[in-house]
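Written below as structure tokens is the structure these notes are about.
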Protein chains: 2
Amino acid sequence: MKIKLVIFDVNQTMFSLSEIERLFRINKLKKELVEVWFSSVLKEGFAYSLSGQYIDFFNIGINELKKIFLQNKKPFTEKLIDNIMKGFENLNVHSDIKQSLKLLKKKKIKVVTLTNGSDENTRKLLKSNGIDKYVERCFSINKIRLWKPHKEVYLTTCKRMKIKKENTLMVAVHGWDVNGAKLAGLKTAFISRYEKMLSEFYMPPDLNAENCYEIVKKL
Amino acid sequence: MKIKLVIFDVNQTMFSLSEIERLFRINKLKKELVEVWFSSVLKEGFAYSLSGQYIDFFNIGINELKKIFLQNKKPFTEKLIDNIMKGFENLNVHSDIKQSLKLLKKKKIKVVTLTNGSDENTRKLLKSNGIDKYVERCFSINKIRLWKPHKEVYLTTCKRMKIKKENTLMVAVHGWDVNGAKLAGLKTAFISRYEKMLSEFYMPPDLNAENCYEIVKKL
């Protein structure tokens with residue numbers, strides 16, 4: 001396995017959502033609801049793509065957040081919704097990711113990001129966390145207008161980087177992301193710190209560890 | 001709008017998940033986690049379909065339930081997982097649905113169900129709730145091997161019932177389901193009792209009310 005390019009998923013994989021949990025708590029929403037929210041945003045994004053249409057993460061995020069307030073009988077204003085959405089600009093990088101990026105640079109392996117969110121926001125996060133120098137390019141689904149895990153998203157990223165899919169490693173904490181990349185023909189690494197296990201029906205990843213540094217050490 | 005056929009979504013739309021909440025509480029899992037679980041099952045099902053493969057609701061349900069236990073640091077056994085999954089055989093019908101089915105029979109409008117779950121389990125639920133006499137047939141995605149809201153699922157159901165899509169009404173509490181049916185060319189009704197609002201970017205449904213009876217009265 002000769003890896004020349006590592007593609008990182010962004011939300012939850014590189015950056016923690018603990019800032020969003022803080023904003024939920026301030027607004028008297030239970031911490032568990034962050035999980036409900038994030039999962040719902042993905043669910044609606046996948047569903048919309050499956051029904052043959054495209055809508056961006058941010059737009060779904062706003063609507064799903066309003067539903068959370070309504071379902072939990074908490075008042076909200078447009079300004080409050082905006083403030084919570086802005087939390088996505090202030091996420092902190094996971095420590096194992098920072099370490100991993102440094103090691104990848106030493107190993108001269110290229111690094112890019114690929115998100116169902118916004119590439120522009122990813123750039124902001126990389127900069128504010130002081131890790132922009134480790135990442136060559138930021139990709140998003142917003143050009144191809146199909147949500148991961150549709151295989152075209154992974155294949156297009158490899159093409160744009162002019163690196164063969166067999167020499168590319170997709171790294172994520174989400175089983176569906178790792179499985180989608182594997183089905184598209186990429187090499188894959190599953191970080192288990194978040195989901196804890198991979199569903200039995202998913203294709204086994206090439207690498208698998210509790211944290212990303214353990215994965216990168218093996219490259 | 002001449003409706004000759006009403007297609008009901010099953011989980012949450014016809015049947016309450018309160019039995020699942022009870023089973024979660026018995027096993028010291030917070031009630032909110034039912035929402036996390038159900039939403040994750042849909043998310044993974046949509047994702048898998050989007051990546052070009054098919055897996056059934058039950059299989060995803062088992063795997064996502066194990067993740068919930070692991071993520072919340074609660075011990076589990078295979079027997080315990082089985083017991084909770086069996087909860088789906090014991091769901092109770094929402095009162096507005098029971099009323100609606102009676103009225104639809106009076107109006108001589110045909111009724112079928114269409115679920116991302118199992119058609120066999122739907123039949124069991126209809127029978128144990130004493131409402132099987134109101135439903136002509138039960139459909140599931142398990143033949144077509146594509147998850148709703150892919151348009152083929154809705155169109156195939158209309159074809160099998162030999163009723164035009166323009167004369168068919170899809171009824172659901174999920175925005176993504178109602179939107180998918182609308183994109184496929186069916187008429188749609190959104191019951192808002194569960195999600196409280198419809199995302200702005202979804203196509204407006206033909207009918208919309210807090211409970212199903214209000215919708216059926218208008219047919």
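Structural remarks
- For region B:69-82, the criterion of being aliphatic (A, V, I, L, M), surrounded by 21 or more Cβ atoms within 10 Å (Cβ to Cβ) and in contact with a helix residue (DSSP H, G or I) (Cβ under 8 Å, 6 or more places away or on another chain) is met by none of the residues.
- Single match in B:19, B:35 (criterion: among the charged types (D, E, K, R), out of contact with any His (no Cβ under 7 Å at 6 or more places or on another chain), assigned to a helix (DSSP H, G or I) and touching a residue at least 40 places away in the same chain (Cβ under 8 Å)): B:19
- Test: residue in region A:69-80 that is outside the structural domain of residue A:158 (by TED's automatic domain parsing) and closer than 30 Å to residue B:153 by Cβ: yes
- Count of region B:46-69 residues which are part of a helix (DSSP H, G or I), closer than 22 Å to residue A:182 by Cα, without any contact (Cβ under 8 Å) to a residue 24 or more places away in the chain and not β-branched (Val, Ile, Thr): 4
- In region B:194-204, the residue that is nearest to residue B:38 (Cα to Cα) out of those that are under 17 Å from the mean Cα position of the chain (by Cα) and not aromatic (Phe, Trp, Tyr) is B:195.
- Set A:43, A:4: member being surrounded by fewer than 19 Cβ atoms within 10 Å (Cβ to Cβ) and out of contact with any Cys (no Cβ under 6 Å at 6 or more places or on another chain): A:4
- Residue in region B:99-116 that is within 14 Å of chain A (Cβ to nearest Cβ) and either under 30 Å from residue B:165 (Cα atoms) or surrounded by 19 or more Cβ atoms within 10 Å (Cβ to Cβ) (or both) present: yes
- Considering residues of region A:178-193 that are of a type in the set (S, T, N, Q) and facing chain B (nearest Cβ under 10 Å) only, the residue surrounded by the fewest Cβ atoms within 10 Å (Cβ to Cβ): A:192
- Selection status of residue B:210, acidic (Asp, Glu), without any contact (Cβ under 8 Å) to a residue 40 or more places away in the chain, surrounded by fewer than 22 Cβ atoms within 10 Å (Cβ to Cβ) and within 8 Å of chain A (Cβ to nearest Cβ): no
- Scanning region A:10-65 for residues being within 10 Å of another protein chain (Cβ to nearest Cβ), of a type in the set (Asp, Glu) and in contact with a helix residue (DSSP H, G or I) (Cβ under 8 Å, 6 or more places away or on another chain) gives a total of 4.
- Only one of B:86, B:108 that is out of contact with any Phe, Trp or Tyr (no Cβ under 9 Å at 6 or more places or on another chain), outside any helix (DSSP H, G or I), without any contact (Cβ under 8 Å) to a residue 12 or more places away in the chain and charged (D, E, K, R): B:108
- Within region A:168-219, the residues that satisfy the criterion of being on the phi < 0 side of the Ramachandran plot and charged (D, E, K, R) are A:177, A:182, A:187, A:193, A:195, A:200, A:206, A:210, A:214, A:217, A:218.
- Filtered by the rule that a residue be more than 14 Å from chain B (Cβ to nearest Cβ), over 16 Å from the mean Cα position of the chain (by Cα) and among the charged types (D, E, K, R), region A:136-177 gives A:136, A:143, A:159, A:160, A:162, A:164, A:165, A:166.
The values are calculated or read from the model by the stated rules, or taken from the named source; none is laboratory data. All figures in this text were calculated on a predicted structure; none of them were measured in a lab. Counting neighbours? That spans all protein chains shown, and the Cβs are built from the backbone with ideal geometry, glycine included.
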